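Worksheet: one structure, shown below.
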Amino acid sequence: MIKYLLKVNDVKEALIKKKENPDYAFYAGGTEINRLNSNLKFEGAISLEGLGLDEIKVTKDGVKIGACVTLQALIESKDIPDYLKEAAKFCASRTLRNVATVGGNLAFGSDDSYLMPTLLAAKARLLTSGLTSKGVFTEDNLPIREYHSNHDSFSNTLLVAIILPREDNRIVLSKRFAKTTHAHSSVTVAFGAKVSNSKLSEVRIFAAIKGTGIERFSEVENAIENGVFNSSADVEFAIANAINAKDDLTGSASYKKYITSVAVAQMFDVAKGGSK
Ligand SMILES: Cc1cc2nc3c(=O)[nH]c(=O)nc-3n(C[C@H](O)[C@H](O)[C@H](O)COP(=O)(O)OP(=O)(O)OC[C@H]3O[C@@H](n4cnc5c(N)ncnc54)[C@H](O)[C@@H]3O)c2cc1C
């Protein structure tokens, strides 16, 4: 449980306070910071409230989602594509959705993340701010896959916004598997691709696998792009062989392999069909 909450006036001040207080978190919705038995242990936190990070805007680059936009606000916005609304609904509790933020979900980056697999499959980009070791303020615009693959190195970086790029012919599909809607998921899997005449390119396949982490299936992506697979059964076989899963309370390793590989194979079929 945090003991102190600092109020700041802008993003730069938030970063300066974080640098001065390495044991402090950024406080967005606070749902994970305050969760009983959370692995996050912080002395205090820096509130992100009032920094203007809670807006959704349509820009020339795509839909810009402020990091402090809540999961419920995603669902209620007319500008958010259905695939992301569906991922926000993976959080079954409306009470939690009213408070939990997009930025907090990505920064937490758990092995049952509601949004990370879908945003990776969508090839979202992130706007971030940071301070160099000399205290110089920096801003960056990076692919979410870079954030995901170097997650630990971003622990002092502030997520400012998420950009969903304008891509008319990109399909994004995701699915969450859990014993009940409110239970931790065994697997949350997402598939994204550009579709042109049933040909798939820029394929992205990610799964948040409880006990393992958020995995990318690069070899399967490449094989799909290069037309190596003739059928969804080939895709299913390849994913089942590539997946790294462990037994735990959410399900056995073989169950996780099975549901992930079948789900990806079905998504491949849907994408080849060109419609959702
Ligand atoms: C009962 C319960 C069940 C849950 N189940 C799940 C689940 O199944 N899957 C799941 O993914 N999550 C789950 N959560 C965790 C949480 O609700 C979500 O991940 C939520 O989206 C986190 O957002 P938040 O704004 O509350 O983050 P906070 O709790 O405010 O912060 C979480 C972390 O993110 C960092 N952070 C927050 N905002 C930013 C930012 N803009 N830039 C950089 N760092 C930032 C904080 O420093 C902190 O380390 C659960 C929580 C509860 C209470």
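The values are calculated or read from the model by the stated rules, or taken from the named source; none is laboratory data. Quick caveat: nothing in here was measured; it's all calculated off a predicted structure. Here the Cβ positions follow ideal geometry from the backbone for every residue, glycine too, while neighbour counts run over all protein chains shown. Ligands, DNA and RNA are stripped out before the accessible areas are found, and what is left, the full protein with its side chains, is counted by its heavy atoms. Shrake-Rupley method; radii C 1.70, N 1.55, O 1.52, S 1.80 Å.
Computed with a 1.4 Å probe on the full set of protein chains, the accessible area for Glu202 sits at about 60 Å². Taking 14 Å as the straight-line reach from the Cα of Lys3, the aspartates and glutamates in range (excluding those fewer than 8 positions away in the same chain) are Asp23, Glu43. These residues, Arg97, Arg166, go from largest to smallest accessible area, 1.4 Å probe, as Arg166, Arg97.
Take the Cα of Val270, step 7 Å toward its Cβ, do the same at Ser149, and the gap between the two points is 2.6 nm. Here the label points at Glu49 and Asn9, each 7 Å from Cα along the C-beta direction, are separated by 1.9 nm in the simple model. Estimated purely from DSSP H runs of n ≥ 4, each contributing -39500 (n - 2.57), the mean residue ellipticity at 222 nm for the chain is -8500 deg cm²/dmol once divided by its residues. The residues Ser198, Ser77, sorted by heavy-atom accessible surface at 1.4 Å with ligands and nucleic acids left out, run Ser198, Ser77 from largest to smallest. Roughly what percent of Cα-Cα pairs across the chain reach past 27 Å? Considering the chain, 39 percent of its Cα-Cα pairs are separated by more than 27 Å. Of all complete DSSP H helices in the chain, those with a Cα span along the helix axis of 27 Å or greater and a mean Kyte-Doolittle hydropathy of -0.5 or more are 253-273. Using heavy atoms of the protein chains and a probe of 1.4 Å, the accessible area assigned to Tyr27 is about 50 Å². Within the straight-line cut-off of under 29 Å between alpha carbons, the lysines reachable from Lys57 are Lys7, Lys12, Lys17, Lys18, Lys78, Lys85, Lys89, Lys123, Lys175, Lys194, Lys276, sequence neighbours fewer than 8 places apart in one chain being disregarded. The convex hull defined by the C-alpha atoms of region 132-276 has an orientation-averaged projected area of 10.6 nm².
One quarter of the convex hull surface built on the alpha carbon atoms of region 59-190 amounts to 8.2 nm², the projected area averaged over directions.
Net charge dipole, the chain: roughly 360 debye, given to the nearest 20, about the Cα centre with Cβ charges of +1 for Lys and Arg and -1 for Asp and Glu. For region 78-115, backbone nitrogen atoms closer than 18 Å to the point 7 Å from Val58 Cα along Cα-to-C-beta are found at 78-85. Work out the FRET efficiency for Asn21 and Ser77 from their Cβ-Cβ distance, taking R0 = 30 Å, and round it to the nearest 0.05. Between Asn21 and Ser77 the formula returns 0.35.
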